[in-house]
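Here is the structure we will look at, set down as structure tokens.
The values are calculated or read from the model by the stated rules, or taken from the named source; none is laboratory data. What you are looking at is a predicted structure, and each value in this text was computed from that prediction instead of being measured. Counting neighbours? That spans all protein chains shown, and the Cβs are built from the backbone with ideal geometry, glycine included.
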Amino acid sequence: MKGKIKKASIIGLISSIVALALLLVTLVRYHKIKENEKAPEIKKSEKLILGFSQIGSESAWRTRNTESIFEAAEEADIQILFDDAQQKQENQLKAIRSFIVYQVDVIAFVPIVEDGWDNVLNEAKEAGIPVILVDRQINADPSLYAGFLGEDGLEEGRNAAHFLLDKKKDSGGNILELSGTENSSVVRERAKGFREIISQRPDLKIIHSENGDFLRSRGKEIAERLIKDARNKGNYNDDALYYNNQKIDIIYSHNDSMTLGLLDTFANYRINPSSTIIISIDAEQKSIDALKTGKLSCVVECNPNLGPSLMHLVKQVAAGNTIPRITYIEESVFTENDDFSSYEPRGY
Ligand code: AHR
């Protein structure tokens, strides 16, 4: 028995050392993001401490999302322990476990995918640390987290489709869909919302759907491959993309990074897709600029500025209050029919 207790405490000691080491890595990563700032102290302070696990920096949208959270934390006098998971769920799991060992007051994280969070969330629950989901949702028992804050992906998909139905009142067309990170809630929702609306119009067909990981480089690659394929088959024109000898009339892209990659390829291959309707999601400044010059037809906003609402929710849960299960952020839609002079700079 004594031996077992001794073994248990050695294991406990080793896990604490490993956790502390992880935390130090975390602080070093935090330091990388805000190089001019002093690293936070590795001890409990008077301030509320929020452990925040971000998925990475795959897009300008994501970078703005991280900035918004840091800015709001500073404003709210909340200390952040930050981890950049570099697009890996396993890194997020490690980071959340290190936040638990450190006994932060609240944990917030952007779940890269929907599944696989039950164990770590049970651990946070046992440690009495409330968890807030940011930007993306998960498949898990709702009692394992306090609430969700972010976009309504279904509505974003529906908004993209509503624009299309309106634009293509009188004729159908072939659609290419570029989607983002596989198994993420946002991709499932954007695909579902879009299909829900276009199903009213059997003449609008998704002829190809491909995962571009939300990356500019992948958007570029996918367009390049389609162009090369079409040229090899000898059935192409420089006015559009083709898939299996079928002209693509509409491109529905789940984010601006992939859309901008696609536009890069159009420029490189001197494709002039003036007859292609391109709909993108996010509303980064660069895609708004492309909308203004007629390269895009519609940009559905996904609002990255979640910081202020997150800090409000953090304070609520830290004080033991219940927060809404879902808090959606306000979003709008930009289209070619707008008065562009009324647009404010996007800031990202
Ligand atoms: O989860 C939000 C999505 O993730 C954004 O649309 C995209 O740009 C980001 O990388």
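Looking for whichever is within 28 Å of K47 (Cα to Cα), within 13 Å of the ligand (Cβ to nearest atom), free of Cβ contacts under 8 Å to residues at least 60 places away in the same chain and of a type in the set (V, I, T) here; the options are V110, V131, V120. Which one fits? First the steps, then the outcome.
Details: V131 fails: within 13 Å of the ligand (Cβ to nearest atom); V120 fails: within 13 Å of the ligand (Cβ to nearest atom).
Step by step, each of V110, V131, V120 is checked, and only V110 is within 28 Å of K47 (Cα to Cα), within 13 Å of the ligand (Cβ to nearest atom), free of Cβ contacts under 8 Å to residues at least 60 places away in the same chain and of a type in the set (V, I, T).
Could you tell me whether I138 is modelled with pLDDT of 95 or more and either polar (S, T, N, Q) or in contact with a strand residue (DSSP E or B) (Cβ under 8 Å, 6 or more places away or on another chain) (or both)? Give the steps one after another, and end with the answer.
Working: modelled with pLDDT of 95 or more: yes; either polar (S, T, N, Q) or in contact with a strand residue (DSSP E or B) (Cβ under 8 Å, 6 or more places away or on another chain) (or both): no.
No: the conditions fail for I138.
Search region 245-271 for residues being surrounded by 12 or more Cβ atoms within 10 Å (Cβ to Cβ) and polar (S, T, N, Q), and hand back the single one that is nearest to the chain's Cα centre (by Cα).
Quick first cut of region 245-271, residues surrounded by 12 or more Cβ atoms within 10 Å (Cβ to Cβ) only: 246-266, 268-269, 271.
Next, only the ones that are polar (S, T, N, Q) stay: 246, 253, 255, 257, 259, 265, 268.
Numbers: Q246: 31, S253: 14, N255: 9, S257: 11, T259: 15, T265: 24, N268: 28 Å.
Top of the filtered list is N255.
Per the listing L176, L81, L164, the residue uniquely away from the ligand (no atom under 16 Å from the Cβ) and either in a helix (DSSP H, G or I) or basic (K, R) (or both) is L164.
Residue count for region 134-143, restricted to those that are touching a residue at least 24 places away in the same chain (Cβ under 8 Å) and surrounded by fewer than 16 Cβ atoms within 10 Å (Cβ to Cβ): 2. So is R29 surrounded by 14 or more Cβ atoms within 10 Å (Cβ to Cβ), modelled with pLDDT under 95 and not in a strand (DSSP E or B) or not? Answer is yes for this residue. Answer yes or no: is there a residue in region 163-181 that is buried (at least 16 other Cβ atoms within 10 Å of the Cβ) and touching a Pro at 6+ places or on another chain (Cβ under 8 Å). For region 163-181, residues buried (at least 16 other Cβ atoms within 10 Å of the Cβ) and touching a Pro at 6+ places or on another chain (Cβ under 8 Å): absent. Residues considered: T265, T322, T335. Of these, the only one that is within 26 Å of Q137 (Cα to Cα) and polar (S, T, N, Q) is T322. Residues that are surrounded by 14 or more Cβ atoms within 10 Å (Cβ to Cβ) and not small (G, A, S) within region 193-209 comprise F194, R195, I197, I198, R201, L204, K205, I206, I207, H208, listed in sequence order. Residues that are in a helix (DSSP H, G or I) and more than 16 Å from the ligand (Cβ to nearest atom) were ranked within region 296-316; the one that is surrounded by the most Cβ atoms within 10 Å (Cβ to Cβ) is V314.
Each residue in region 246-276 was checked for being under 16 Å from F163 (Cβ atoms), among the aliphatic types (A, V, I, L, M) and out of contact with any Lys or Arg (no Cβ under 9 Å at 6 or more places or on another chain), and 1 pass.
Test each condition in (1) aliphatic (A, V, I, L, M); (2) buried (at least 22 other Cβ atoms within 10 Å of the Cβ); (3) under 19 Å from R62 (Cα atoms) for I96 and report the one that comes out false. Condition (3) is where I96 drops out. Would you mind finding the one in D83, D115 that is surrounded by fewer than 20 Cβ atoms within 10 Å (Cβ to Cβ) and at pLDDT 95 or above? When all the criteria are applied, what remains is D115.
All conditions but one from (1) away from the ligand (no atom under 13 Å from the Cβ); (2) surrounded by fewer than 20 Cβ atoms within 10 Å (Cβ to Cβ); (3) charged (D, E, K, R) apply to R158; the one that does not is (2).
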